[in-house]
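Shown next, in C-alpha cells, is the structure this report addresses.
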Amino acid sequence: MSEVHLRCQDEKQYAHWMGACRLAARGRTMADSTYRAEVQNILAFLQLQRAGSISGPTANPTPAPDGAGPTWLFPPRYQKKFKPKQLTPRVLEAYQNVAQLSLTEAKMRFLKAWQALPDFGITYFVVR
C-alpha cells in the first residue's frame, strides 16, 4: 500500500480524479459508462457541502495560504503575544506529543487536560 496526495486546482479537477479513483477501486476504467455519472455525483456532493457550510451555524475558516506558517491556528491574542518563530515550535511539540497515540488515547489525554483546567467543574449562573 502506498499513500498518494493529490492537489487539485478546483473542484472540477478534484471530481475527475476522485471519479477515476473510485472506478479504479471497482476495477473499471475512465472509459466506463458510469464515469460521467460518478463525476457528476461528486460535484453535486461538493456543492451540497459548500451550501451547507455557508448556511450552517459557523462558516468554515479560510485555509491558510501556502507558506503562512502555523499562525492561522492560533487566536489573535496569541498572535499578538508570540512571534511566528515562537509559535512553530509549540505546534510541533504539541503534535509530537500526540502523533503516536491512538484515537482513543488522544481523546483520553485531551479529557485529562481539560479536567486539569482551573475552572473545570465550576458552573456559573447569571443571577438577576
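The values are calculated or read from the model by the stated rules, or taken from the named source; none is laboratory data. Please read all numbers here as calculations on a predicted model, not as lab measurements. No Cβ is skipped: glycine too gets one built from the backbone with ideal geometry, and neighbour counts run over all protein chains shown.
Look through the range 88-109, keep the residues that are among the aliphatic types (A, V, I, L, M) and either part of a helix (DSSP H, G or I) or surrounded by 10 or more Cβ atoms within 10 Å (Cβ to Cβ) (or both), and return whichever of them is modelled with the highest pLDDT.
Filtering the range 88-109 for residues that are among the aliphatic types (A, V, I, L, M) and either part of a helix (DSSP H, G or I) or surrounded by 10 or more Cβ atoms within 10 Å (Cβ to Cβ) (or both), the one modelled with the highest pLDDT comes out as Met108.
Going by the structure shown, is Gly67 modelled with pLDDT of 80 or more, on the phi > 0 side of the Ramachandran plot and exposed (fewer than 11 other Cβ atoms within 10 Å of the Cβ)? Break it down into steps so the answer makes sense when it comes.
Working: modelled with pLDDT of 80 or more: no; on the phi > 0 side of the Ramachandran plot: yes; exposed (fewer than 11 other Cβ atoms within 10 Å of the Cβ): yes.
No; evaluated as a whole, the condition is false for this residue.
Would a scan of the range 49-64 turn up a residue that is out of contact with any His (no Cβ under 6 Å at 6 or more places or on another chain), more than 30 Å from Ala113 (Cβ to Cβ) and at pLDDT 75 or above?
Within the range 49-64 (the criterion being out of contact with any His (no Cβ under 6 Å at 6 or more places or on another chain), more than 30 Å from Ala113 (Cβ to Cβ) and at pLDDT 75 or above), the answer is yes, since at least one residue qualifies.
Working only within the range 6-51, note down all residues that are among the hydroxyl-bearing types (Ser, Thr, Tyr) and touching a Leu at 6+ places or on another chain (Cβ under 8 Å).
Tyr14, Thr29, Thr34, Tyr35
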